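Visitor: Okay, handing you the structure first.
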Amino acid sequence: MTARSAVKVAGAPISWGVCEVPGWGHQLAPGRVLDELAALGLDAVERGPDGFLPDDPDERDALLKQHGLRLVGAFVPVVLHDPDDDPLGEIATALDALPAETVLVLAAATGLTGYDTRPALGPDEWRTLLANLDAATRHAEARGRTITLHPHVGTVVERKDEVARVLDGCAVPLCLDTGHLLVGGTDPVALTREAAARIGHVHLKDVDVTLARQVQAGERPYAEAVASGLYRPLGQGGVNVEAIVRALTDAGYDGWYVLEQDAVLTEEPPTGRGPVEEVAASLAYLTGIAP
């Protein structure tokens, strides 16, 4: 929790352009990202992609401690729909490597590189996906841990009907990503009000609606839209962030709000410029609307 906000606010390396997708853009060094994140007054962070933080848990925790940060979320794309594969070992290993309070944020990966193409699942694949999500949820709950599923553009759970199918077909909590939901065709305000009890983690984004519609229509690749400014600082796009925060507060949500405006960088920004300015704007907005 920051000194400025009554809600628990964290940052994410993707807001600084650090992403797991090959060729995504210029990647900032961990030291700069963590320095800037802490300088904003944040005391919590998500893990970022493999290799951003040390693999060794003790080294990772020591690095975060140097910056006054704790780890509250870890985004892990996993193929969950393949009937010939068992992803539960991979999920259990990922969970065991995280601190007890860290939420494991699963994405239903396609098995392809990037987020610009995705397959449509058949009935057997959907049954496998839902069964794996239930098994992962039981595994986590038995250990007092939290797993969530992150509906995400370019995964097999992206669109409104797919999100509804997950909510109806299994018990996994959701990571409410306000931007990815909107780009995928789900109204994040309506989902928050209808399924607040299923929300275990939150990624807050605002969205350029024109670019979102171009992605929905297949007129612009997702990564290109992100590079063009698809995600905006909170309060500067088409997502009613205030309504979402109020609905979650009314429902008793006490988890983290992760400021996450995915970015693509072409070069190293000057000191004090670049992504840190947009994250600061989002933090100021959230502080202003938080109950």
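Visitor: Tell me which residues, restricted to region 24-55, are surrounded by fewer than 17 Cβ atoms within 10 Å (Cβ to Cβ), in contact with a helix residue (DSSP H, G or I) (Cβ under 9 Å, 6 or more places away or on another chain) and within 22 Å of residue 106 (Cα to Cα).
Guide: Scanning region 24-55 gives a single hit, 54.
Visitor: Restricted to region 228-261, and to residues that are in contact with a His (Cβ under 6 Å, 6 or more places away or on another chain) and over 25 Å from residue 117 (Cβ atoms), which residue is surrounded by the fewest Cβ atoms within 10 Å (Cβ to Cβ)?
Guide: So in region 228-261, the residues in contact with a His (Cβ under 6 Å, 6 or more places away or on another chain) come out as 255, 258, 260.
Then drop every residue that is not over 25 Å from residue 117 (Cβ atoms), which leaves 255, 258.
Working: 255: 21, 258: 28.
Once the filter is applied, the top-ranked residue is 255.
Visitor: Can you name every residue in region 1-50 that is among the acidic types (Asp, Glu) and either within 23 Å of residue 285 (Cβ to Cβ) or in a strand (DSSP E or B) (or both)?
Guide: Residues of region 1-50 among the acidic types (Asp, Glu): 20, 35-36, 43, 46, 50.
Correct list: 35, 36, 43, 46, 50.
Visitor: Also, quick follow-up: Of the residues 186, 137, which is free of Cβ contacts under 8 Å to residues at least 40 places away in the same chain, in a loop (DSSP other than H, G, I, E, B), in contact with a Pro (Cβ under 8 Å, 6 or more places away or on another chain) and buried (at least 16 other Cβ atoms within 10 Å of the Cβ)? Give the steps one after another, and end with the answer.
Guide: Values: 137 fails: in a loop (DSSP other than H, G, I, E, B).
Testing whether each residue is free of Cβ contacts under 8 Å to residues at least 40 places away in the same chain, in a loop (DSSP other than H, G, I, E, B), in contact with a Pro (Cβ under 8 Å, 6 or more places away or on another chain) and buried (at least 16 other Cβ atoms within 10 Å of the Cβ) leaves just 186.
Visitor: Test residue 128 against the criterion of being closer than 24 Å to residue 48 by Cβ, modelled with pLDDT of 95 or more and in contact with a Pro (Cβ under 9 Å, 6 or more places away or on another chain), and give yes or no. Please lay out each step first, then the result.
Guide: On the way: closer than 24 Å to residue 48 by Cβ: no; modelled with pLDDT of 95 or more: yes; in contact with a Pro (Cβ under 9 Å, 6 or more places away or on another chain): yes.
The answer is no for residue 128.
Visitor: Tally the residues that are crowded, with 16+ Cβ neighbours inside 10 Å and outside any helix (DSSP H, G or I), restricting the search to region 211-227.
Guide: 2
Visitor: Of all residues in region 250-285, how many are without any contact (Cβ under 8 Å) to a residue 60 or more places away in the chain and under 17 Å from residue 192 (Cβ atoms)?
Guide: Number of matching residues: 4.
Visitor: What is the residue count in region 61-80 for residues that are of a type outside the set (A, V, I, L, M, F, W, C) and more than 20 Å from the chain's Cα centre (by Cα)? Walk me through it before giving the result.
Guide: First pass over region 61-80, keeping only residues of a type outside the set (A, V, I, L, M, F, W, C): 61, 65-68, 70, 73, 77.
If we keep only those that are more than 20 Å from the chain's Cα centre (by Cα) too, we end up with 61, 65-68.
Adding up the residues that qualify gives 5.
The values are calculated or read from the model by the stated rules, or taken from the named source; none is laboratory data. Source: prediction; values computed, not measured. Every residue, glycine among them, receives a Cβ derived from its backbone with ideal geometry; neighbour counts consider all protein chains shown.
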